[in-house]
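FYI, it's all coordinate maths here, none of it is from the lab. Everything quoted here is computed from the prediction, not taken from an experiment. Here the Cβ is made from the backbone with ideal geometry for all residues, glycine too, and neighbour counts use every protein chain on show.
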Amino acid sequence: MITKCLFPVAGYGTRFLPATKSMPKEMLPVVNKPLVQYGVEEAIAAGMTTCAMVTGRGKRAIADHFDISYELEHQISGSGKEAYLKSIRNVLDKGVFTMVRQREMKGLGHAILTGEPLIGNEPFGVLLSDDLCLNTGPGVLAQMAELYNQFRCSIVAIQEVPKDQTHKYGVIAGESLKEGIYRVDEMVEKPDPKDAPSNLAIIGRYILTPDIFDIIRETAPGANGEIQLTDALQTQARRGCVMAYKFEGRRFDCGSVPGFVEATNFVYENYYTED
Ligand code: G1P
């Protein structure tokens, strides 16, 4: 049973400036819920009730969001407005939140390694909240946790993307074991379309086995001069096994303004109900 999920939430959110000048990008609301809360709800629904946040300077609003606001509780208690707190109260009832600060931005691999003290020696989930994934059935992390029980190795979520988009993603190639499940033998971070081994792009959901920490420690900086999780996973795949899984559900790239607007419209139309 995987009980912990790591949330790298230290990034700057430059594409959303000036909105993100003094507010974490993860707190931008998709309709009426911060982006990161969608991710936390997905993790908790998958049984990963310990949410380990790798934060940074200027991210205190995230820690406050996953805590009680006494003043607000007091003001709203007994009023008709209590329903507005329902979703976050539910998250606080079920989840435990741990935090560590990443002092320097040295890439996703480095962020994961910074979270090691919060995880320890056990398999764990990783959720990049920029990728908002919605499904009518089980969430993506729940689908992957189920798969982990079968394969007992690291798993990355993948999606087909247009070939000219591969430079935005980690891209995998591998042998298809059955519909939607691949055994990875190659992984490249942000390849030019001409160098991409396929159009199967990694989406921000992972299950990682804890040997990844030692591998990251020995991984040299790669694309953009950053320590890349994709490079560490390539090593893990070569030494043992990494699976890739085409998930069920719809993914929105909330790290880009058009993706964020698309997600907002979709959630408003499909999930939002006025009181
Ligand atoms: C990160 C990963 C990349 C992955 C992507 C998914 O990149 O490094 O492999 O495809 O997330 O969103 P980023 O979007 O942080 O540049």
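Across the alpha-carbon atoms of region 157-203, the computed radius of gyration and Dmax are 9.7, 28 angstrom.
Put a dot 7 Å past the Cα of Arg250, heading toward its Cβ, do the same for Glu146, and the two dots end up 2.1 nm apart. This model, with +1 at the C-beta of Lys and Arg and -1 at the C-beta of Asp and Glu, gives the chain a dipole about its Cα centre of some 400 debye. When the chain is fully extended, how far beyond the present Cα-Cα distance does Ala45 get from Asp195, taking 0.36 nm per residue of separation? Taking 0.36 nm per residue and subtracting the Cα distance, the gain is 50.3 nm. For the chain, the 222 nm mean residue ellipticity estimated from helices alone, with every DSSP H stretch of n ≥ 4 adding -39500 (n - 2.57) and the total spread over all residues, rounds to -9000 deg cm²/dmol. Full extension of the chain segment joining Asn135 with Lys106 gains 7.2 nm, where the gain is 0.36 nm per residue of separation less the Cα-Cα distance. Partner lysines whose Cα lies under 18 Å from the Cα of Lys190, excluding those fewer than 8 positions away in the same chain, are identified as Lys106, Lys163, Lys168. The Cα-based radius of gyration of region 124-275, divided by its Kirkwood radius, gives an Rg/Rh of 0.98.
Computed from the C-beta positions of Lys94 and Glu269, the FRET efficiency with R₀ = 25 Å rounds to 0.35. Taking the centroid of alpha carbons for each part, region 39-78 and region 229-275 are 21 Å apart.
Relative to the longest principal axis of the Cα atoms of the chain, the long axis of helix 140-151 makes an angle of roughly 40 degrees.
When peptides 192-201, 250-259, 173-182 are sorted by average Cβ neighbour count within 10 Å, with the highest value leading, the order is 250-259, 192-201, 173-182. Taken about its Cα centre, region 113-244 carries a charge dipole of about 200 debye when Lys and Arg each add +1 at the Cβ and Asp and Glu each add -1 at the Cβ. Using only Cα atoms, tell me the angle between helix 229-239 and the longest principal axis of the chain; keep it within 0 to 90° and round to the nearest 10. Computed tilt is about 40 degrees. Applying the Kirkwood pairwise sum to the alpha-carbon positions of the chain produces a hydrodynamic radius of 19.2 angstrom. Sparsely packed loop sites in region 182-248 (the GluC sites (Glu not before Pro) outside DSSP H, G, I, E and B with at most 10 other Cβ atoms within 10 Å) comprise Glu218. Pair-distance distribution P(r) for region 193-237, from all Cα-Cα distances in 5 Å bins starting at 0: 5, 18, 26, 26, 18, 6, 1 percent. What shape does region 1-79 take by its C-alpha gyration tensor, where a ≥ b ≥ c are the square roots of the eigenvalues and a/c under 1.5 counts as rounded, a/b above b/c as prolate, and the rest as oblate? Oblate is the answer for region 1-79, as a/c is 1.5 or above yet b/c matches or exceeds a/b.
As a length-normalised measure over Cα pairs under 8 Å and 6 or more apart, the relative contact order of region 2-75 settles at 43 percent. Could you tell me which of rounded, prolate or oblate describes region 55-166, using a ≥ b ≥ c as the square roots of the eigenvalues of the alpha-carbon gyration tensor, with rounded for a/c under 1.5 and, failing that, prolate when a/b is larger than b/c and oblate otherwise? The shape class here is prolate. Take each peptide in 153-163, 70-80, count the other Cβ atoms within 10 Å of every residue, and average; sorted highest first, the result is 153-163, 70-80.
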